[in-house]
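Since the structure comes first, as structure tokens, the remarks are kept for the end.
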Amino acid sequence: MITAYTLAGCRTCKELLSRLNSTSLPYRNIDVEANEELADNLENLLNTSIYPIVQIAKPTLDIYFTSEKSDHYYFDNTKIIFVYSGVAHLIDLIKRNL
């Protein structure tokens, strides 16, 4: 399942949601402004506060996509973190990791 974590006033977030709609990929959108605790946990986990953040949840692995580089990008048998550069690149990464 694809989960997009977005902010209401974020232009890139709106572009992502528009592109996801046009691909017909099933996803859910979570406005993190409505859930500050979730946002804090996600930002701490990924060491970023830049949105959108996308997660693909698989049975034994979580794949995250963020636009901010950090020393926290790694594979540890439970999660992989990819860095994207623009919405088109993000959509391509999502499709390749479903």
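The values are calculated or read from the model by the stated rules, or taken from the named source; none is laboratory data. This is a predicted model, so every value here is computed, not measured. Please note: Cβ atoms are built from the backbone with ideal geometry, for glycine as well, and neighbour counts cover all protein chains shown.
Couple of notes before you dig in:
- Each residue in region 54-82 was checked for being assigned to a loop (DSSP other than H, G, I, E, B) and at pLDDT below 85, and 10 of them qualify.
- Lone unmet requirement of (1) surrounded by 17 or more Cβ atoms within 10 Å (Cβ to Cβ); (2) at positive phi for ILE56: (2)
- Residue match in region 46-63 (condition: farther than 20 Å from VAL83 by Cα and aliphatic (A, V, I, L, M)): no
- Counted residues, region 1-26 - those being within 20 Å of ILE80 (Cβ to Cβ) and surrounded by fewer than 18 Cβ atoms within 10 Å (Cβ to Cβ): 3
- Pair list, Cβ under 9 Å, 6 or more apart: region 84-98 residue without any contact (Cβ under 8 Å) to a residue 24 or more places away in the chain and surrounded by 11 or more Cβ atoms within 10 Å (Cβ to Cβ), other residue assigned to a loop (DSSP other than H, G, I, E, B) and not polar (S, T, N, Q): ASP92/TYR84
- TYR51 buried (at least 19 other Cβ atoms within 10 Å of the Cβ), assigned to a loop (DSSP other than H, G, I, E, B) and within 14 Å of the chain's Cα centre (by Cα): yes
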